[in-house]
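Engineer: This is the structure, below, for whatever I ask next.
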Amino acid sequence: MAEIVIMGELLVEIMRAEEDVQLYETGKYFRGPFPSGAPGIFISTAARLGHSAAIISGVGNDDFGKNILDRLKEVGVDCSRVLISDEASTGAAFVTYFKNGDRKFIFHINHTPAVAAKTPEKTDDFNDTKYFHVMGCSLMASVDFGKEVVKTMHMLKEKGAKVSFDPNVRLEMLKDPEAMEVVKQVYRESNIFMPGVSELKMITGEDELEKAIKKVFDDNKNMELLVLKNGSKGSEIYGPDGLLEKVGVYPVTQVDATGAGDSYDAAFICGLAEGKNVKEAAQMGAAAGALNAAAFGPMEGNISRVTVKEMIKLHEK
């Protein structure tokens, strides 16, 4: 079916055009709808970087669903396993931004097609899948859907795919205590773990960074890489024996950070799929994240093989 596969929510994002306007306030402007959802941003980036990419998800048979599917198909994502529902509307998220860098969301995802997809029954379609990526927000949006994602993960692992996992914690979604148990199950079974610093500490239960890093490999003997993302400080990649590489960020005029981490994830996995070493993969991730952040909207960055290569070359020392 595809070299890189993801299962998770698709939604449109409707965004405050001005900073420091609370979502409960009556403001003048929203922008959107933009095609979004962390899984959608991830798989869109993978496709734009030239890889065969597929998503298992759901949308409503409505204009918001068309907004998402048109974009994904345009960049080459296989959407043949996206459920199109006549019974419920496409999921949505509203977001506002603050000058200190914080964001605040209201999600309308549960009980929408975004979390209605089931584990595929025809497994032969996935014989060529090398990587299955999981976003923690997909596990938190609905525990039942999270369990379907886990079933799909097990199916693809049995077929030889590696599992990459970004916990992508959204506190607005983390309402069911069982959801964190599903998150930890995926963490214990993944091969590549891609958290932020606070997420790493939360999931390992360790306050000290060095102990948290060590615990990742103690908790999961199949863990190959810890890709620790730390915002403007760049990323650090660890193996079972310690630090492998540090890669900084590429400077751009940041317009909107939404989706930058998801694009980093996708480009890093694409690098591994191309046989690149972890430094080269992290450089691809940093370039894709920067290009994403330089445009307003979750999927709007000018990301391609050419632009990623140009960004890396521009900042080579």
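The values are calculated or read from the model by the stated rules, or taken from the named source; none is laboratory data. Keep in mind that this is a model prediction, so the values were computed, not measured. Positions of Cβ are generated from backbone atoms using ideal geometry, with glycine treated the same way; all protein chains shown enter the neighbour counts. Quick note on the areas: whole protein, heavy atoms, side chains included, nothing else; ligands and nucleic acids left out. Shrake-Rupley method; radii C 1.70, N 1.55, O 1.52, S 1.80 Å.
Engineer: If we keep just the residues of region 113-125 that are in a loop (DSSP other than H, G, I, E, B) and open to solvent by less than 20 Å² (accessible area, probe 1.4 Å), which is modelled with the lowest pLDDT?
Structural biologist: Per the stated criteria, the residue is Pro120.
Engineer: Whether any residue in region 39-48 is of a type outside the set (Gly, Ala, Ser) and in a strand (DSSP E or B) is what I want to check. Talk me through it step by step, then tell me what you get.
Structural biologist: Step one: filter region 39-48 for residues of a type outside the set (Gly, Ala, Ser), giving 39, 41-43, 45, 48.
Pick out the ones that are also in a strand (DSSP E or B) and you get none.
There is no residue in region 39-48 that is of a type outside the set (Gly, Ala, Ser) and in a strand (DSSP E or B).
Engineer: Just the residues that are among the aliphatic types (A, V, I, L, M), assigned to a loop (DSSP other than H, G, I, E, B) and open to solvent by 60 Å² or more (accessible area, probe 1.4 Å), please, taken from region 78-105.
Structural biologist: Correct list: empty.
Engineer: Moving to a separate point now. Of the residues Glu3, Glu19, Glu9, which is under 19 Å from Lys130 (Cβ atoms) and in contact (Cβ under 8 Å) with a residue 60 or more places away in the chain? Break it down stepwise before answering.
Structural biologist: Working: Glu19 fails: under 19 Å from Lys130 (Cβ atoms); Glu9 fails: under 19 Å from Lys130 (Cβ atoms).
Of the residues listed, the single one that is under 19 Å from Lys130 (Cβ atoms) and in contact (Cβ under 8 Å) with a residue 60 or more places away in the chain is Glu3.
Engineer: Something else: Answer yes or no: is there a residue in region 153-169 that is of a type in the set (Ser, Thr, Tyr) and assigned to a strand (DSSP E or B).
Structural biologist: Checked region 153-169: at least one residue is of a type in the set (Ser, Thr, Tyr) and assigned to a strand (DSSP E or B).
Engineer: Within region 254-261, identify whether any single residue is crowded, with 24+ Cβ neighbours inside 10 Å and more than 21 Å from His51 (Cβ to Cβ), and answer yes or no.
Structural biologist: Scanning region 254-261, I find at least one residue that is crowded, with 24+ Cβ neighbours inside 10 Å and more than 21 Å from His51 (Cβ to Cβ), so the answer is yes.
Engineer: Residue by residue through region 21-38, note down the ones that are within 15 Å of the chain's Cα centre (by Cα) and outside any helix (DSSP H, G or I).
Structural biologist: Answer for region 21-38, where residues must be within 15 Å of the chain's Cα centre (by Cα) and outside any helix (DSSP H, G or I): Pro35, Ser36, Gly37.
Engineer: Right, something else. Looking only at region 274-305, filter to residues that are part of a helix (DSSP H, G or I), open to solvent by 20 Å² or more (accessible area, probe 1.4 Å) and out of contact with any Leu (no Cβ under 9 Å at 6 or more places or on another chain); which one of those is nearest to Lys162 (Cα to Cα)?
Structural biologist: Among residues in region 274-305 that are part of a helix (DSSP H, G or I), open to solvent by 20 Å² or more (accessible area, probe 1.4 Å) and out of contact with any Leu (no Cβ under 9 Å at 6 or more places or on another chain), the one nearest to Lys162 (Cα to Cα) is Glu280.
Engineer: Something else: Across region 139-169, which residue is farthest from the chain's Cα centre (by Cα) among those that are touching a residue at least 60 places away in the same chain (Cβ under 8 Å) and open to solvent by 20 Å² or more (accessible area, probe 1.4 Å)?
Structural biologist: Result: Glu148.
Engineer: To continue, here is another question. Being more than 18 Å from Arg103 (Cα to Cα) and part of a strand (DSSP E or B), is that true of even one residue in region 59-69?
Structural biologist: Looking through region 59-69, at least one residue is more than 18 Å from Arg103 (Cα to Cα) and part of a strand (DSSP E or B).
Engineer: Okay, moving on. Go through (1) surrounded by fewer than 16 Cβ atoms within 10 Å (Cβ to Cβ); (2) among the basic types (Lys, Arg); (3) under 17 Å from the mean Cα position of the chain (by Cα) one by one and return the number of the condition Lys229 breaks.
Structural biologist: Of (1) surrounded by fewer than 16 Cβ atoms within 10 Å (Cβ to Cβ); (2) among the basic types (Lys, Arg); (3) under 17 Å from the mean Cα position of the chain (by Cα), only one is false for Lys229: (1).
Engineer: Another one. Between Ile68, Ile56, which is of a type outside the set (Gly, Ala, Ser), under 25 Å from Leu156 (Cα atoms) and surrounded by 15 or more Cβ atoms within 10 Å (Cβ to Cβ)? Walk me through how you get there before you give the answer.
Structural biologist: Working: Ile68 fails: under 25 Å from Leu156 (Cα atoms).
The match here is Ile56.
Engineer: Would you confirm, using the coordinates I've provided, whether Gly91 is more than 16 Å from the chain's Cα centre (by Cα), under 25 Å from Met155 (Cα atoms) and in contact (Cβ under 8 Å) with a residue 40 or more places away in the chain?
Structural biologist: On the way: more than 16 Å from the chain's Cα centre (by Cα): yes; under 25 Å from Met155 (Cα atoms): no; in contact (Cβ under 8 Å) with a residue 40 or more places away in the chain: yes.
Considered against the rule, which asks whether it is more than 16 Å from the chain's Cα centre (by Cα), under 25 Å from Met155 (Cα atoms) and in contact (Cβ under 8 Å) with a residue 40 or more places away in the chain, Gly91 comes out as no.
Engineer: Can you find even one residue in region 1-20 that is assigned to a helix (DSSP H, G or I), of a type in the set (A, V, I, L, M) and open to solvent by less than 20 Å² (accessible area, probe 1.4 Å)?
Structural biologist: No: zero hits.
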